[in-house]
Amino acid sequence: MQALIVDDDDTVVEHIRFCLKRHGYTVTAARNGVVALDLCQSQYFDWIICDIMLPRLNGISFLRSVKRLLAGTSTRILVISSMDDYDIKAEVLAVGAEAFLLKPVTTQMLADALNKPQPAVK
């Protein structure tokens, strides 16, 4: 299983990387949305885990772009952010993320989100 972490905070990246590796994922990280989008054009990821506040291309713009790019694939998206705002959460879910977790994220929260069954395609 392949996962992409998109976050500019090294501590967060390393925490999520550690959690994912314990669950058998091969992990790639990108520090901004532009690099992450480039990676998505050349590599398949089962999960993309991204922040909202990103340099060069914010998380919501990245999500919109990556959803168009990956239309028809089974890539799943999880947003992790410190922005505790209802409108942002609603927008993230409307754009196509499966879940929104508020930082700091525990290992259990991440595992629960990753192990949640994929929603049925309508």
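The values are calculated or read from the model by the stated rules, or taken from the named source; none is laboratory data. Because the structure is a prediction, the values reported are computed rather than measured. Don't worry about glycine lacking a Cβ; one is built from the backbone with ideal geometry, like all the others, and counts go over all protein chains shown. These area figures cover heavy atoms from the full protein model, side chains too; ligands, DNA and RNA do not enter into them. Shrake-Rupley method; radii C 1.70, N 1.55, O 1.52, S 1.80 Å.
Carbon-plus-sulfur fraction of the accessible area of the chain, 1.4 Å probe, in percent? The partial results should precede the final answer.
Details: 3490 of 6550 Å².
That share works out to 53 percent.
Residue by residue, what Karplus-based ³J(HN,Hα) values in Hz, rounded to whole numbers, does segment 22-38 have, using 6.51, -1.76 and 1.60 with θ = phi - 60° and x for Gly and Pro?
5, 9, x, 8, 8, 10, 10, 10, 10, 8, 8, x, 5, 4, 4, 4, 4
How big is the gap, in Å, between the Cα center of segment 93-109 and the Cα center of segment 1-66?
13 Å
Compute, for Asp10, the solvent-accessible surface of its heavy atoms (probe 1.4 Å) with the complete set of protein chains present, and express it in square angstrom to the nearest 10.
90 Å²
According to a simple spin-label model (label point 7 Å from Cα along Cα-to-Cβ), what is the distance in nm between Leu102 and Lys116?
In this crude spin-label approximation the distance works out to 1.5 nm.
When averaged across all projection directions, what area in nm² does the alpha-carbon convex hull of segment 1-40 cover? Please list the in-between numbers first.
Numbers: hull surface 9.8 nm².
Mean projected area of the Cα convex hull: 2.4 nm².
Within segment 70-89, what residues put their amide N at less than 14 Å from the label point 7 Å along the Cα-to-Cβ vector of Thr11?
So the set is 82.
For Arg68 and Gln43, compute 0.36 nm times the residue count separating them, minus their Cα-Cα distance, and round to one decimal in nm.
Numbers: separation 25, 0.36 × 25 = 9.00 nm, distance 1.52 nm.
Using 0.36 nm per residue and subtracting the Cα-Cα distance, I get 7.5 nm.
If you count only protein heavy atoms with a 1.4 Å probe, what accessible area per residue comes out for segment 1-93, rounded to a whole Å²? All intermediate terms of the calculation are to be shown ahead of the outcome.
Details: 4610 Å² over 93 residues.
Per residue, segment 1-93 has 50 Å² of solvent-accessible surface.
Just Thr26, Thr106, Thr11 to compare: in a GNM of the chain, with alpha carbon springs under 10 Å, which one fluctuates most?
Thr11
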